[in-house]
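Nothing in this text is a laboratory measurement; each read-out follows from the coordinates by a stated rule. These figures come from a predicted structure and were not determined experimentally. Reconstructed Cβ throughout: ideal geometry from the backbone, glycine too, with neighbour counts over all protein chains shown.
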Amino acid sequence: MPQKTPLYDLHLAAGSKIVDFAGWLLPVQYKSIIEEHKAVRAKAGVFDIGHMGQIISKDTDALQYLTANDVSTLDVFRGQYSFMCNEKGGVIDDLIIYRMEDSYFVVANAVNAHSVFSRISKKDRDAKLLYQEMTAIALQGPDSFALMKNLSKGDLSELKHRQIKRTSVSGRDCLISRSGYSGEDGFEIFLKNKDCPFVWSEIVKNGAIPCGLGSRDTLRIEAGLPLYGHEIDEDTTPFEAGYIKTVKMEKTKFSGKEALLRQQKDGLPKHLIGFEVIGKAIPRQGYKIFEGDKESGYVTSGTFSPCLDRPIGMGYIQGPLAEQGELSVEVRGNRHAIREVRLPFYRRKPL
Amino acid sequence: MDTSKLRYSKDHEWVSEAGLLGVTDHAQSELGDVVFVELPKNGKEIKALSEIGVLESVKAVSNVYSPVSGTVVEINQELSSSPDLINKDPYGKGWIARIKMSDPSELNGLMSEEEYSKFIGR
């Protein structure tokens, strides 16, 4: 039985196209994915992210063992990107962990929320998964700051990347962090279920365009950000995905450490690249990548980039080294040359 | 284009008596922004219900099937530079190809506009 966020009725009333994503009914687009994408890059867009898992835990030791980054380095009200790894070093989920006054606030992907919570709560009986009370929305784009300044209490200008604070939006209490999944400046707003429809409507009234999962995906691909089930999964390590510094190997013990040590010694069996297609064929997840005539990898994500006006993608190539030979992607039986591009494809202008 | 004079397939293609074909407004709406169109080659022999082209949208790939049998005699080159014509004008400037029909009676096996509207639940 798919679940609904508090904004479901609003999405329906707005005429959006609803899909089941990770067991949640969410809009994939309101009018046009490309229009929504461009609105986020030029002005501001707002996304329903109520499907994501919000977990509270006070157990530092549990989080230090279960995650690969180091939560002890967090100042209060700061967040870090992290990975929960299995014994093979494969990714169970990618997470953002915020240190609050007397607890940690963990944000997990919808598809993994229950397995992440289950691992944490096995070690920390008091851990909580907050779906019954809390939801979230993301405001992204160069106009986000001005928009939030109008609607929220207090000074936001000192809020740094992945810094979080307790404030209110349109009079409703919430947590906001300066973070996001689009490659633009923006805020993720964590608030009570009952306050969400009102706050969403206020943000839209003040100029943000409602955006769906379709543009959320094209934006994050341009920003070179991984999506669980595509660039990362239980058979892929953070190293293979290009996240070397996120893993704190100096930690004495954490889940997956031995396997990751072995990878450091033996070299990576595969590595992630970004690429653009020379021509018009669009790469999609699962399509084969060739080095010369040899099949050597696969596409993890691909789309037509509205900003770069060409097809782009990310994928794995076997081995640790830069490729030998001309790269190509196979689309419907035909090979199309591709050119490796250093991620991200798109970088926003400095604030 | 007078859509009431067209015939419609279960795969959401339309075809005119003159053999012009494209995808319906319902199809383009479901597909979203079309970013790339793979057109058939001129002269290609085609059987009804076989693949004649491909539409790529931001999120998905969709095959286009010819509702009728015959030979491709004209393709809409404008779609190479402006694939969004399929979204903006699916029955007009967004036409995909023209078929010289080998068996015009095949049109009788397709749906009328009224039948197609019922089929898509409108």
Placing +1 on each Lys and Arg Cβ and -1 on each Asp and Glu Cβ in chain A, then taking the dipole about the Cα centre, the residue among A:N150, A:G90, A:I338 whose Cα reaches farthest towards the positive end is A:N150
With +1 at each Lys and Arg Cβ and -1 at each Asp and Glu Cβ, the charge dipole magnitude of chain B around its Cα centre, to the nearest 20 debye, comes out at 120 debye
In the structure shown, of A:K88/A:K288; A:K43/A:K160; A:K165/A:K248; A:K58/A:K123; A:K153/A:K192, the pairs separated by more than 22 angstrom at the C-alpha atoms are A:K88/A:K288; A:K165/A:K248
Expressed as a whole-number percentage, the relative contact order of the range A:274-333 with C-alpha contacts under 8 angstrom and at least six residues apart is 39 percent
The size of the Cβ-based charge dipole (Lys, Arg +1; Asp, Glu -1) of the range A:1-149 about the Cα centre, to the nearest 20 debye, is 300 debye
Here the Kirkwood hydrodynamic radius of the protein assembly as shown, Cα-based and in Å, equals 24.3 Å
Per the charge dipole of the protein assembly as shown (beta-carbon charges, Lys/Arg positive, Asp/Glu negative, Cα centre), the residue among A:I56, B:S82, B:G109 reaching farthest to the positive end is A:I56
Over the range B:65-120, the quotient of the Cα radius of gyration and 2.2 N^0.38 Å is 1.31
Computed, not fitted: 222 nm per-residue ellipticity of chain A from DSSP H runs ≥ 4 (each -39500 (n - 2.57)), nearest 500, equal to -6000 deg cm²/dmol
Note on the range A:302-348: contact order normalised by length, alpha-carbon pairs under 8 Å, 6 or more apart, percent, works out to 21 percent
Scattering profile of chain B from the Debye formula, Cα beads only, expressed as log10 I(q)/I(0) at q = 0.19, 0.22, 0.23 Å⁻¹, is -0.98, -1.32, -1.44
Exposure proxy check on B:E56, A:E250: fewest-to-most Cβ neighbours within 10 Å is A:E250, B:E56
Note to self: C-alpha centroids of the range B:74-122 and the range A:26-77 sit apart, in Å, by 42 Å
Taking Cα pairs closer than 8 Å and at least 6 residues apart, the relative contact order of chain B in percent is 32 percent
